[in-house]
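Any read-out appearing in this document is the output of simple, stated calculations on the displayed coordinates, not a laboratory observation. As the structure is a computational prediction, the values presented were derived from the model and not from experiment. No Cβ is skipped: glycine too gets one built from the backbone with ideal geometry, and neighbour counts run over all protein chains shown.
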Amino acid sequence: MNILLAEDDVKLGELVTYMLEKKAKYQVEWVQTAEDAYDYATASFYDVIIMDWMMPHGDGVEICQRLRKEGYGGAILM
């Protein structure tokens with residue numbers, strides 16, 4: 001499973017990435033800003049995007065709305 005993790009909290013991002021990669025054996029790309037989350041989501045396919053609500057340069061809800069408006073049909077977990 002290929003996962004995009006959008007989380008600005010470094011400790012939480014490291015923990016979630018570790019648990020998903022090492023314990024569950026998933027592929028994880030971790031970004032820390034809303035702009036990066038949008039860029040990664042539109043550049044690659046992910047089985048699921050795990051999106052933080054509040055991030056620098058925007059928030060997860062805005063990015064989710066923007067992706068849906070542009071036709072993104074993948075799973076997004078807020």
- Message: Residue pairs, Cβ under 9 Å, 6 or more apart or interchain, first in the stretch 46-60 and over 19 Å from residue 14 (Cβ atoms), second among the polar types (S, T, N, Q) and outside any strand (DSSP E or B). List them.
- Response: 57/33; 58/33
- Is it true that some residue in the stretch 34-50 is assigned to a helix (DSSP H, G or I) and over 22 Å from residue 1 (Cβ atoms)? yes
- Among (1) closer than 18 Å to residue 1 by Cα; (2) part of a helix (DSSP H, G or I) - the single one residue 76 does not satisfy: (2)
- Message: Return the residues of the stretch 51-73 that are over 13 Å from residue 4 (Cα atoms) and of a type in the set (D, E, K, R); say none if nothing qualifies.
- Response: 59, 62, 66, 68, 69, 70
- Say we look at the stretch 26-41 and pick out the residues that are crowded, with 17+ Cβ neighbours inside 10 Å and of a type in the set (Val, Ile, Thr); which of these is farthest from the chain's Cα centre (by Cα)? 28
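Give the stretch 7-29 a look and list any residue that's assigned to a helix (DSSP H, G or I), among the β-branched types (Val, Ile, Thr) and in contact with a strand residue (DSSP E or B) (Cβ under 7 Å, 6 or more places away or on another chain), or say none.
If the condition is that a residue be assigned to a helix (DSSP H, G or I), among the β-branched types (Val, Ile, Thr) and in contact with a strand residue (DSSP E or B) (Cβ under 7 Å, 6 or more places away or on another chain), then 16, 17 are the ones that fit.
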- Query: When you scan the stretch 51-67, how many residues do you find that are in a strand (DSSP E or B) and surrounded by 13 or more Cβ atoms within 10 Å (Cβ to Cβ)?
  - Reply: 4
